[in-house]
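Down below is the structure, laid out as structure tokens.
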Amino acid sequence: MTRQMATGIAGTWQKIQSRWRAQIDDVLPWGSGRRSLWGALIALVLAVLVTLVWLAGRYEASQVQAELERDTADAVSDLRSSLSRHIQAVQALQANHLSAEAWPAEAQVLLRNHRDWLRLEWRAKDWRLLSAADSPLRAPAFERIGRAETLNEASQACQRARRVNGPAYSSTYFLPQADGLGMEVMELCLPVTQAGELVAYTVVTYSLQELLTERLGNTFGRRNELSFIEPDGTRLAIAGTQRKERRVFTTQQLVDLPGNTLLLRMDGRRGEPDLFPNVLTALVTGMSIALITVMVLLTKDARRRQKAERDLAEALAFRKAMEDSLVTGLRARDLKGNITYVNPAFCEMVGWDAEALMGQSTSMPYWPPEMVDEYQQRQAIRLAGNAPPREGFESVFMRKDGTRFPVLIIEAPLISVQGEQTGWMGAVIDISEQRRIEELSRASQERLQATARLATVGEMASLLSHELNQPLAAISSYANGSLNLLKDPQAATSNVDDVHMALRRIAEQAERAGRVINSVHDFVRRREQTREAVAPQTLLEAISPLVNLQARKLNVRVHTRIEPRLPFVWCDRTMVEQVLLNLARNGMQAMDLPECRDRVLVLQVKNAPSQPGNAWVEFAVTDIGAGIGADVQTQLFNPFFTTKAEGMGLGLSLCRTVVEQHGGHLTFGPHAPKGTVFRFTLPAASDAPAAT
Ligand code: ADP
């Protein structure tokens, strides 16, 4: 039985689990799809962010480059204007038509004002040196190598100047210096004309290094490195600062001069940190970090949500699986009485689909038509707010096929999360099987009791024959005596009184025999089980003929002690008589021992100690037999346990059932100095219920 139940429970649990899993899978289709979507989103966002940062970096670099190009263009323009001012200065010198003596002094002034000029020469048309002046600001440039050796460039420039009748520059060349170093120089030749006639040349020797430093160094050299370079990249002169930053932006621009073209290169070293080249990039990067953080937070949040969703789905699925696997019917109704929920067990019980039941309120399809009025009243009482008994109430439902079946309904208010009552929740249990089992056990109990009674009677049959022997023998002897008296016709008239007396005795004895038979008949006759108020004395009197029968046989004296003013007891008379008889018989049989001389059986009735308003009467049957051994005590009430050769072992088990059915208790204990007392209680009639 236990194993069957365990298997059943395990089966139900497995069913719940498999349904539960299936339902979770329905609710949450977990797959790689969702994860790869998230992966794609993250990859996209990262790609966008990297591109943005890269673009911002590039934009910044292009800005720097453009700025540098603007600077270079400005530098070239500054250089040009400086050079043209120089030409103007030289032209002004020429315009003074100075004498050879006065010229050097003027030239010195100019040289002092122009640091980048190394030397001024006044040469005649035929290239003869008329006058010359070296810069007073530095050592003479042509000290180490004589001027004659370097005139080639100057003469070419002058030829060109003459041709174009305007200023012309020579190509640059290296001029070694006395200190072992050297410098790149360039010549400017300006023709001197008088009345449109070329009369002489003024030659200015430029130091490229000084030109760069003087003219551009201050303005552009602070942030950049300036240099004149040759087309192959060789630097001719350098000015400006060389910063240590990593990234170098470079621009080159041609300085197109008549006769020569210089290449000006500007290297802008800009501090461009790899990650944050400027505010824009920093901003984009910052926003990207913020975006990624938000994404991470969102992902975490989404995870939490997914977990919560899953937990919820699991809880829901578990609840549903449980509801679906329940054998108890569940039914929820709203405050108007409409059915809002029924579980599969309820549908199975009544045979109607959930759809057919939902929303019904006035007359449920499972209400037997003959009970609709009563049920509607009950529903009205419920809807008025009266709670049903907590332990539930019994009712009768009707299946779809019309069969009625008993149910136990346990109903409770349905309270929402907000604590308000939203309706009624009912658990409905089909108790038809329980009823059937109860009926079966009641029937078998009755049969058992009848059998026990018959067994007692069988046992008493010998006693009965012994008891009947006496009246029958008396009847027989009275009858024989009467016959003898009537044999003599003369004496018949004188003997009529004797015959009369003998017949009366016969009648008495026959009546006595009849009473004995009736008492047994009364006992055996199966009566309806009804409870009534009975005086305890009546109960004892009812069993006394049968008890006395056995007492006489076993040589036992029966004492009856009844407390005065006892209340009536509320009981099933037949049953209680049987209990008393069984206990008395057991007591007498226990004393049926050779060593037990003075055999007394005491039948006692008294008020039991009871609480006010709850009166009980106690019956006690005391013998002075051998008592009950410890091994027997444990099995005393087991059906079919007996120590007697002809016993059935049903007496005490039945006695206890009967007493407990009446709400009382059957106990036993030793009696001093020897013997046993059996006690049982019965409710007093005043406290008994008014109906069965
Ligand atoms: P039965 O009388 O048919 O044996 P019971 O159920 O009435 O069945 O009694 C069971 C056993 O309890 C008896 O066999 C007997 O051993 C023991 N018993 C019952 N009443 C007494 C008693 N008053 N004194 C001693 N033993 C008793």
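The values are calculated or read from the model by the stated rules, or taken from the named source; none is laboratory data. Remember, predicted model here, so these are calculated numbers, not experimental data. Note that each Cβ is placed from the backbone with ideal geometry, even for glycine, and that neighbours are counted across all protein chains shown.
The C-beta contact set for the stretch 470-484 (first residue under 9 Å from Ala513 (Cβ atoms), second residue of a type in the set (A, V, I, L, M, F, W, C) and part of a helix (DSSP H, G or I), distance under 8 angstrom, 6+ apart or interchain) comprises Pro471/Ala510; Pro471/Ala513; Pro471/Val516; Leu472/Ala513; Ile475/Ile506; Ile475/Ala510; Ile475/Ala513. Under the condition of being of a type in the set (Val, Ile, Thr), surrounded by fewer than 16 Cβ atoms within 10 Å (Cβ to Cβ) and in a helix (DSSP H, G or I), the residues counted in the stretch 116-165 number 1.
Against the criterion of being closer than 30 Å to Gly647 by Cβ, of a type in the set (Gly, Ala, Ser), at pLDDT 70 or above and out of contact with any strand residue (DSSP E or B) (no Cβ under 6 Å at 6 or more places or on another chain), Ala510 does not qualify. Scanning the stretch 570-597 for residues that are in contact (Cβ under 8 Å) with a residue 24 or more places away in the chain, among the charged types (D, E, K, R) and not in a helix (DSSP H, G or I) turns up Asp572, Asp592. Residues that are in contact with a Lys or Arg (Cβ under 8 Å, 6 or more places away or on another chain) number at least 2 in the following strands (runs of 3 or more DSSP E) confined to the stretch 283-400: 339-342, 393-398.
Given the criteria surrounded by fewer than 17 Cβ atoms within 10 Å (Cβ to Cβ) and within 25 Å of Ala455 (Cβ to Cβ), does Gln661 qualify? Considered against the rule, which asks whether it is surrounded by fewer than 17 Cβ atoms within 10 Å (Cβ to Cβ) and within 25 Å of Ala455 (Cβ to Cβ), Gln661 comes out as yes.
Filtering the stretch 675-685 to residues that are near the ligand (Cβ under 9 Å from one of its atoms) and closer than 20 Å to Arg573 by Cβ leaves only Phe678. The set of residues in the stretch 614-661 that are in contact with a strand residue (DSSP E or B) (Cβ under 7 Å, 6 or more places away or on another chain) and basic (Lys, Arg) contains only Arg656.
Output the residues belonging to the stretch 630-655 that are over 54 Å from the mean Cα position of the chain (by Cα) and part of a helix (DSSP H, G or I). Ala630, Asp631, Val632, Gln633, Gly651, Leu652, Leu654, Cys655 - these are the residues of the stretch 630-655 that are over 54 Å from the mean Cα position of the chain (by Cα) and part of a helix (DSSP H, G or I). On the basis of being loosely packed, with under 13 Cβ neighbours inside 10 Å, of a type outside the set (S, T, N, Q) and modelled with pLDDT of 90 or more, does Arg85 make the cut? Yes; evaluated as a whole, the condition is true for this residue.
Can you confirm whether the stretch 656-674 contains a residue that is in contact with a helix residue (DSSP H, G or I) (Cβ under 6 Å, 6 or more places away or on another chain), more than 7 Å from the ligand (Cβ to nearest atom) and assigned to a helix (DSSP H, G or I)? Yes, there is a match, as at least one residue in the stretch 656-674 is in contact with a helix residue (DSSP H, G or I) (Cβ under 6 Å, 6 or more places away or on another chain), more than 7 Å from the ligand (Cβ to nearest atom) and assigned to a helix (DSSP H, G or I). Which members of the stretch 601-651 meet the condition of being away from the ligand (no atom under 12 Å from the Cβ) and among the polar types (S, T, N, Q)? Across the stretch 601-651, the qualifying residues are Gln604, Asn607, Ser610, Gln611, Asn614.
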